[in-house]
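Take a look at the structure below.
The numbers here are math on the coordinates, done by the rules we state, and not lab data. Small disclaimer: the values here were computed from a predicted structure and weren't measured. No Cβ is skipped: glycine too gets one built from the backbone with ideal geometry, and neighbour counts run over all protein chains shown.
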Amino acid sequence: MLINIYNNPRLQQQSMLNRLHHTTLPRDHPVIITGDFNLHHDLWASGPVGNDDARTSGEVVEWLMEEGYTMMNKKGEITHPPHNTCERASVIDLTFVNSQAVCTGTVQDCAIDPSLAHDADHLGIKFIISHSLEEIENPMDIKYCLKDVKLDEWTKELENTLA
């Protein structure tokens, strides 16, 4: 499931958190939440965040953590560059995935890509969605038991093999 977010900070009743709280998201399928969060938080910001910003975004971060989501952005990587001297660069466009998406490697190569911005005032986020899980088969059906292995001998043999 892919959820595209636009969080309009002026509309509290329709805020992203309010809508997510009233949406049942699957836990047994990969879920990607991405878009313009319009929130500042120490978890992703490039610098210190004011108390008002942290208070506003804290509930969203708490929900994401409780639900087991992982941030895919690199901390501090700017997504909204300043367009005049009154603005500061910020990180407000984010991608989060649930634990199922992490375990299955659903999102790969997540990165900020300025070439995708076109005429927008935000930089683009790109990633690859992988749908395939490949099972690694053991064609020889060899089973290993390491219970009685002597660690020193095993380590020495491994080092010799790698050399």
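For the chain, adding -39500 (n - 2.57) for each run of n ≥ 4 DSSP H residues and dividing by the number of residues yields -7000 deg cm²/dmol at 222 nm.
A simple spin-label model places pseudo-atoms 7 Å from Cα toward Cβ; at Asp42 and Leu2 they are separated by 3.4 nm. For Asp109 and Met65, the FRET efficiency from 1/(1 + (r/R0)^6), where r spans their Cβ atoms and R0 equals 22 Å, is about 0.35. Look at the dipole of the chain built from charges on Cβ: of Val60, Thr79, Leu162, the Cα furthest out on the positive end belongs to Val60. Using the Cβ-Cβ distance between Asn84 and Lys126 with R0 set to 22 Å, the FRET efficiency from 1/(1 + (r/R0)^6) comes to roughly 0.25. Taken along its principal axes, the alpha carbon cloud of the chain reaches lengths of 65, 37, 33 Å, longest axis first. The charge dipole of the stretch 2-135, taken about its Cα centre with unit charges on the Cβ of Lys, Arg, Asp and Glu (plus for the first two, minus for the last two), comes to roughly 200 debye.
The Glu159 and Leu11 beta-carbon pair, evaluated with R₀ = 45 Å, returns a calculated FRET efficiency of approximately 0.15. Expressed as a fraction of 2.2 N^0.38 Å, the value expected for a compact globular protein of N residues, the C-alpha radius of gyration of the stretch 1-87 is 1.14.
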